[in-house]
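What follows is a set of notes on a single structure, which appears directly below.
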Amino acid sequence: MTEKDFIPHNYTINIESGSFTWQSPSNIALVKYWGKKENQIPENPSISFTLNTCKTTTTLSFSKKENNDEFSFGIYLDDEKKDDFKPKIETFFKRIENYLPFLKDYHFTIETSNSFPHSSGIASSASGMSALALCLMSIEKQLIESNVSLSAVEGLFDNDYFNKKASFLARLGSGSACRSIEGDLIVWGNHKNIEGSSDLFGIKYPYKVHENFKNYQDTILLVDKGEKQVSSTVGHNLMHNHPFAQERFKQANNNLIKLTDVFKTGDLKAFTEIVESEALSLHAMMMTSLPYYILMKPNTLEIINKIWAFRKETNSNVCFTLDAGANVHILYPEQEAEQVMKFIQNELVAHCQNGHYICDRIGYGSEQML
Ligand code: DP6
């Protein structure tokens, strides 16, 4: 598929108003997306677990407006007007206008809320942008279905196309958001060994996944709830002219091949090695950018060292990953949940800000609410 496949045939805009609500989860990358080309095209493929508990609910209301020469929208987080979110949404609308030509015909009200506290340091861009993309897709679907001549074109708007285009649009809002439409394991970015993989949207991992990964657990330790000093978007850009960029992109491609083996065999030791190496390589890229920076905090390192010591002592399969921040995602198989939760409570919670953590696990993707 190419970008062109997401440009709709003309539809007549004959719906006055309406509203849709979608709930969309966050995701945690195992092989990280870090570095992008123009138009939100990733430098390397990535793969993530879709989460279950950390999610955003967005209601998008729309009503036809008179003039159609500019975007018009209001945005609310937990019923509070959030004008500081507007530039990001405006950029998003500009990027997707070609693919959703109705955008300037309506005034939109975007009402959004997160299941996680907004000062948790958990990025809401993946869940937020995917929820908004899904609401917009529901509008497009309605416009197409209400158009008699077009709805006659069988299969034009099947579920597969809906999800692919939602992921395609979400990507243009925030790269990692394209991995939040479906679950439970999503690949984004073209990889020669993964059939159907694309730089344009996320796909469900198409091969066999061993039982060991069923219901995998993710406990998110909130080490630092403050705003990040360097945003992901700025971080991605620092991969241009980065001395290790090409090697990093190769490493990610190789790690994805290794992971496909791990998913087949269920080898949890190999899983740990790939996932932890990915997390530390991501942060190594930040530390070796110009300007260089560090997002981990002393407590991030305390937690990592305690996990390594615990693993040595107990032969547990607990491991960690990091996103672009100080918080630590603790990943472990469901069968080890009791033992690992005890370890977290006894040894790791002390390193969390105000003792806060979130228990999450693999999830199955977004859901339409209304
Ligand atoms: C470290 O998707 O937030 O979490 O495309 O600029 O919005 P933009 O970046 P974003 O980057 C996420 C980076 C990451 C790794 C990952 O999720 O793969």
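Summary of computed values
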item: Some residue of segment 13-24 being within 13 Å of the chain's Cα centre (by Cα) and more than 21 Å from residue 146 (Cα to Cα); result: yes
item: The lone exception for residue 328 - which of (1) more than 16 Å from the ligand (Cβ to nearest atom); (2) in contact (Cβ under 8 Å) with a residue 12 or more places away in the chain; (3) of a type in the set (A, V, I, L, M) it fails; result: (1)
item: Cβ pairs under 8 Å, 6+ apart, first in segment 355-370 and of a type in the set (S, T, N, Q), second modelled with pLDDT under 95 and outside any loop (DSSP other than H, G, I, E, B); result: none
item: Hey, residue 211 surrounded by fewer than 16 Cβ atoms within 10 Å (Cβ to Cβ) and either more than 28 Å from residue 40 (Cβ to Cβ) or among the small types (Gly, Ala, Ser) (or both) or not; result: yes
item: Top-ranked residue in segment 285-304 [being without any contact (Cβ under 8 Å) to a residue 12 or more places away in the chain and open to solvent by less than 90 Å² (accessible area, probe 1.4 Å); ranked as nearest to residue 248 (Cα to Cα)]; result: 287
item: Pairs with Cβ under 9 Å, 6+ apart, first in segment 49-63 and closer than 16 Å to residue 329 by Cα, second among the basic types (Lys, Arg) and open to solvent by 30 Å² or more (accessible area, probe 1.4 Å); result: 49/361; 51/361; 52/361; 53/361
item: Segment 292-333 - residue that is in a loop (DSSP other than H, G, I, E, B) and over 26 Å from the mean Cα position of the chain (by Cα) and, of those, farthest from residue 224 (Cα to Cα); result: 315
item: Criterion (under 30 Å from residue 32 (Cβ atoms), of a type in the set (Ser, Thr, Tyr) and touching a strand residue (DSSP E or B) at 6+ places or on another chain (Cβ under 9 Å)) met by exactly one of 115, 138; result: 115
item: Residue list for segment 175-195, restricted to those being surrounded by fewer than 24 Cβ atoms within 10 Å (Cβ to Cβ), in a loop (DSSP other than H, G, I, E, B) and not hydrophobic (A, V, I, L, M, F, W, C); result: 183, 184, 190, 191, 192, 193, 195
item: Segment 201-220, residues that are within 16 Å of the ligand (Cβ to nearest atom) and closer than 30 Å to residue 302 by Cβ; result: 218, 220
item: Strands (runs of 3 or more DSSP E) contained entirely in segment 1-92, each with at least 2 residues that are within 16 Å of the ligand (Cβ to nearest atom) and surrounded by 15 or more Cβ atoms within 10 Å (Cβ to Cβ); result: 17-31, 46-64
item: The one condition in (1) within 16 Å of the ligand (Cβ to nearest atom); (2) open to solvent by 10 Å² or more (accessible area, probe 1.4 Å); (3) closer than 20 Å to residue 201 by Cα that residue 96 fails to fulfil; result: (2)
item: Residue satisfying all of: in segment 127-144; open to solvent by 10 Å² or more (accessible area, probe 1.4 Å) and closer than 24 Å to residue 329 by Cβ; nearest to the ligand (Cβ to nearest atom) among these; result: 129
item: Test for residue 236: is it within 16 Å of the ligand (Cβ to nearest atom) and assigned to a loop (DSSP other than H, G, I, E, B); result: no
item: Unique residue being part of a loop (DSSP other than H, G, I, E, B), in contact (Cβ under 8 Å) with a residue 60 or more places away in the chain, within 16 Å of the ligand (Cβ to nearest atom) and of a type in the set (Gly, Ala, Ser) when the list is 198, 281; result: 198
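The values are calculated or read from the model by the stated rules, or taken from the named source; none is laboratory data. Remember, predicted model here, so these are calculated numbers, not experimental data. Every residue, glycine as well, gets a Cβ built from its backbone with ideal geometry; the counts of neighbours run over all protein chains shown. The protein model used for the area step is the full one, side chains on, heavy atoms only, and it has no ligands, DNA or RNA in it. Shrake-Rupley method; radii C 1.70, N 1.55, O 1.52, S 1.80 Å.
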